[in-house]
Every structure is written in structure tokens, then in C-alpha cells.
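Single-structure report; data block below.
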Amino acid sequence: MAMSVAPLLGPMLGGVLDELFGWRASFATYTLFGVIALLLCWTDLGETNRTRSENFRQQFRNYPDLLKSAKYWDYAACMAFSNSGFYIFLAGVPLVAVVMLGLSPAMLGVCMGTITIGFTFSTFLSSRLAHRVPLVNLILAGRLSSVTGSLSCLLFFLADMGNAYTLFGPLMLIGVGNGLTMPNANAGAMSIRPDLAGSAVGLMGALAVGCGGALTALTGMLVSETSGAIPLLTLLLVITLLSLVAGIHLKWLDRRIS
């Protein structure tokens with residue numbers, strides 16, 4: 001839930017800064033916050049890992065043990081494609097909202113927070129259900145939610161019913177899906193080899209960021225002022241379907257092992 005604060009408030013603050021002081025004000029504000037965060041980490045962030053590897057070479061030697069696990073790859077795929085859906089949203093939706101729908105920067109900032117509201121709600125829900133519902137079931141529920149959101153949004157625009165409500169409303173379900181998926185995918189990856197939990201999360205995080213960066217670049221190639229929303233929403237649907245396939249395979253592995 002803490003991870004959702006910045007994506008929720010950031011677009012809103014950025015939209016207001018843009019209208020009041022111009023787009024450069026966001027970079028000045030971001031620099032100020034970065035300096036504050038650096039000082040806070042420097043003075044107050046202590047080491048919490050009591051079982052650290054002796055060196056990076058030893059940590060990298062642990063990776064083959066993780067890469068042999070099919071379940072780890074399923075968890076990593078769910079995490080990477082969930083994360084990438086948010087990256088694609090951030091990269092493409094503002095252009096669609098401003099050019100096609102005519103939203104102002106301030107209103108765009110408010111609407112961009114909707115996906116994060118869904119994420120906040122579902123992470124809270126996930127923490128309450130984690131001890132009662134199997135981890136894989138929560139991941140599958142999250143992937144189904146994301147597919148439902150991206151598919152319904154695409155259908156609205158294909159039917160020429162695109163507006164702010166049919167764009168941001170269904171896409172909120174992607175945030176809901178990510179909130180159910182990401183915490184449980186992290187927990188699942190760490191549970192495969194608890195002694196390699198740090199390596200598992202580190203590698204999965206690198207894969208998620210790398211995948212998100214590549215798909216952000218692809219979004220920039222597909223989406224333009226003349227392309228409309230269809231290429232963006234199609235890409236979102238493909239990404240959410242891939243993550244759903246990984247979740248289904250994870251469920252199949254879970255049943256076979258049990």
C-alpha cells in the first residue's frame with residue numbers, strides 16, 4: 001500500500017504544477033524530493049539484512065538454482081507483466097486522454113490516480129485474505145481482473161464509445177489486479193528457496209524493470225497523436241493475457257505438486 005502513495009499523488013501534483021508554473025516545475029519539485037529522500041536514507045536508513053552474502057559473486061552463484069524452477073519463472077512473469085501494464089498506462093494513456101479526449105493537465109492528473117486507487121484497495125484486501133486464500137488463487141484473481149479491465153476498455157473504444165469514463169473506469173481494474181498479484185508474486189518467489197529470498201526478489205525486480213522499460217519504449221513507437229487509443233489498449237490486453245497464462249500455468253504446477 002505504501003508503494004501506491006507516489007503514483008496516486010504524483011500525477012495530481014504534476015498536473016497542478018504544470019497549469020500553475022509550466023512543465024519544468026515538475027522536474028524542479030522532483031529534484032527537491034530526491035534530495036530530501038537522499039538525506040533521509042543517508043541519516044536514518046539502517047541495514048536490516050542480517051544474512052548478507054559475502055560478496056556479489058556468491059549472490060550471482062545462487063541464480064542458477066532459481067532459474068531451474070518453473071514456478072519461479074511463473075511468478076516472475078506475473079510480476080513483470082503486471083508491472084509493465086502500469087508502465088504502459090503511464091506512457092500511453094496521457095497522450096490519448098489529452099489529444100483524443102481533451103482533458104486538461106490537472107484533470108488528467110486526477111484521472112491518472114484512478115489506477116492507483118484500485119491498487120491501494122486491492123493491496124489492502126490482499127493483506128486481509130493472504131492467510132485464508134491460497135496465494136496462487138489471489139494471483140489468478142488479479143490477472144483476471146486486469147484482463148477484464150483491458151478487454152472492456154478496448155471494446156468500448158472499438159464501439160466508438162471512448163470517453164474519460166470508459167477509459168479510466170475499466171483501467172482501474174488493472175490497478176486492482178496488480179494489487180492482488182504483485183505482493184503475492186513476491187511472496188511466492190521468496191518461498192521457493194527461503195535461503196535465497198534476497199536473490200529471488202532482486203532478480204525478479206530486475207526482470208520486471210527491464211520488461212517495463214522495453215514495453216514503455218514499444219508504447220512510444222505504437223502510440224502517437226494520430227494512432228488513436230486502439231494500439232495502446234491492444235498492447236495492454238496482450239500483456240495482461242500473457243500474465244494470465246503465467247498464472248494459469250502456476251496453478252497447474254501447484255495442483256501437480258500437491
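The values are calculated or read from the model by the stated rules, or taken from the named source; none is laboratory data. Values in this document were obtained by computation on a predicted structure and should not be read as measured data. Neighbour counts run over all protein chains shown; Cβ positions are idealised from the backbone, glycine included.
Please go through the range 135-146 and give me each residue that is aliphatic (A, V, I, L, M) and either free of Cβ contacts under 8 Å to residues at least 24 places away in the same chain or under 24 Å from Leu236 (Cβ atoms) (or both), ordered by number. Don't jump to the end; show me each part of the working.
Our first condition is that a residue be aliphatic (A, V, I, L, M); within the range 135-146, this holds for 135-136, 138-141, 144.
Across the range 135-146, the qualifying residues are Val136, Leu138, Ile139, Leu140, Ala141, Leu144.
Determine which single condition Gly34 fails, assuming it passes every other condition in (1) loosely packed, with under 10 Cβ neighbours inside 10 Å; (2) at pLDDT 75 or above; (3) of a type outside the set (Ser, Thr, Tyr); (4) assigned to a helix (DSSP H, G or I).
Every condition holds for Gly34 apart from (1).
Scan the range 55-76 and give yes if some residue there is closer than 26 Å to Ala229 by Cα, part of a helix (DSSP H, G or I) and modelled with pLDDT of 85 or more, otherwise no.
At the first step, the residues of the range 55-76 found to be closer than 26 Å to Ala229 by Cα are none.
Scanning the range 55-76 turns up no residue that is closer than 26 Å to Ala229 by Cα, part of a helix (DSSP H, G or I) and modelled with pLDDT of 85 or more.
Can you tell me which residues in the range 188-206 are crowded, with 20+ Cβ neighbours inside 10 Å and either within 15 Å of the chain's Cα centre (by Cα) or outside any helix (DSSP H, G or I) (or both)? Reasoning before the result, please.
Taking the range 188-206 as the starting set, the residues that turn out to be crowded, with 20+ Cβ neighbours inside 10 Å are 188-189, 196, 199-200, 203-204.
Within the range 188-206, Met204 is the sole residue that qualifies.
Go through (1) surrounded by 11 or more Cβ atoms within 10 Å (Cβ to Cβ); (2) modelled with pLDDT under 80 and name the single condition Asn49 misses.
Asn49 satisfies all of (1) surrounded by 11 or more Cβ atoms within 10 Å (Cβ to Cβ); (2) modelled with pLDDT under 80 except (1).
Tell me whether the range 203-210 contains one or more residues that are of a type in the set (A, V, I, L, M, F, W, C) and in contact with an Asp or Glu (Cβ under 6 Å, 6 or more places away or on another chain).
Filtering the range 203-210 for residues of a type in the set (A, V, I, L, M, F, W, C) gives 203-204, 206-209.
Filter once more, keeping what is in contact with an Asp or Glu (Cβ under 6 Å, 6 or more places away or on another chain): none.
No, the conditions are met nowhere in the range 203-210.
Among the listed residues Phe119, Phe124, identify the single one that is in contact (Cβ under 8 Å) with a residue 40 or more places away in the chain and either buried (at least 16 other Cβ atoms within 10 Å of the Cβ) or charged (D, E, K, R) (or both).
Details: Phe124 fails: either buried (at least 16 other Cβ atoms within 10 Å of the Cβ) or charged (D, E, K, R) (or both).
Only one candidate passes the filter, namely Phe119.
Please list, ordered by first then second residue, the pairs with beta carbon atoms under 9 Å, 6 or more apart or interchain, first in the range 207-224 and in a helix (DSSP H, G or I), second modelled with pLDDT of 90 or more and surrounded by fewer than 16 Cβ atoms within 10 Å (Cβ to Cβ).
Going by the 9 Å Cβ cut-off, the qualifying pairs are Leu222/Thr234.
Considering only residues that are of a type in the set (S, T, N, Q) and either modelled with pLDDT of 90 or more or assigned to a helix (DSSP H, G or I) (or both), look in the range 225-258 and name the one that is nearest to Asn163 (Cα to Cα).
First, the residues of the range 225-258 that are of a type in the set (S, T, N, Q): 226-227, 234, 240, 243, 258.
From what's left, either modelled with pLDDT of 90 or more or assigned to a helix (DSSP H, G or I) (or both): 234, 240, 243.
Numbers: Thr234: 17, Thr240: 22, Ser243: 27 Å.
Of everything passing the filter in the range 225-258, Thr234 is nearest to Asn163 (Cα to Cα).
Just wondering, is there one or more residues in the range 101-111 that are farther than 20 Å from Pro11 by Cα, among the hydrophobic types (A, V, I, L, M, F, W, C) and either surrounded by fewer than 19 Cβ atoms within 10 Å (Cβ to Cβ) or at pLDDT 85 or above (or both)? Give the steps one after another, and end with the answer.
Here is the first cut: in the range 101-111, the ones farther than 20 Å from Pro11 by Cα are none.
For the range 101-111, residues farther than 20 Å from Pro11 by Cα, among the hydrophobic types (A, V, I, L, M, F, W, C) and either surrounded by fewer than 19 Cβ atoms within 10 Å (Cβ to Cβ) or at pLDDT 85 or above (or both): absent.
Starting from the range 15-37, take each residue that is within 21 Å of Leu108 (Cβ to Cβ) and list its partners that are surrounded by 10 or more Cβ atoms within 10 Å (Cβ to Cβ) and of a type in the set (S, T, N, Q), counting only C-beta distances under 8 angstrom and pairs at least six apart or across chains.
Gly15/Ser104; Leu17/Ser26; Leu17/Thr29; Asp18/Ser26; Glu19/Ser104
Can you tell me which residue within the range 90-107, out of those that are in a loop (DSSP other than H, G, I, E, B) and not hydroxyl-bearing (Ser, Thr, Tyr), is nearest to Ala25 (Cα to Cα)? Walk me through how you get there before you give the answer.
Of the residues in the range 90-107, the ones in a loop (DSSP other than H, G, I, E, B) are 101-104.
Remaining after also requiring not hydroxyl-bearing (Ser, Thr, Tyr): 101-103.
Numbers: Leu101: 24, Gly102: 22, Leu103: 20 Å.
This residue is Leu103.
Each row is one residue, and each column tells you yes or no for (1) touching a residue at least 60 places away in the same chain (Cβ under 8 Å); (2) out of contact with any Ser or Thr (no Cβ under 7 Å at 6 or more places or on another chain); (3) farther than 21 Å from Ala76 by Cα.
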site	(1), (2), (3)
Thr114	yes, yes, yes
Val133	no, yes, no
Leu154	yes, no, yes
Val176	no, no, no
Pro183	yes, no, no
Ser199	yes, yes, no
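Scan the range 224-240 and give yes if some residue there is surrounded by fewer than 16 Cβ atoms within 10 Å (Cβ to Cβ) and under 16 Å from the mean Cα position of the chain (by Cα), otherwise no.
yes
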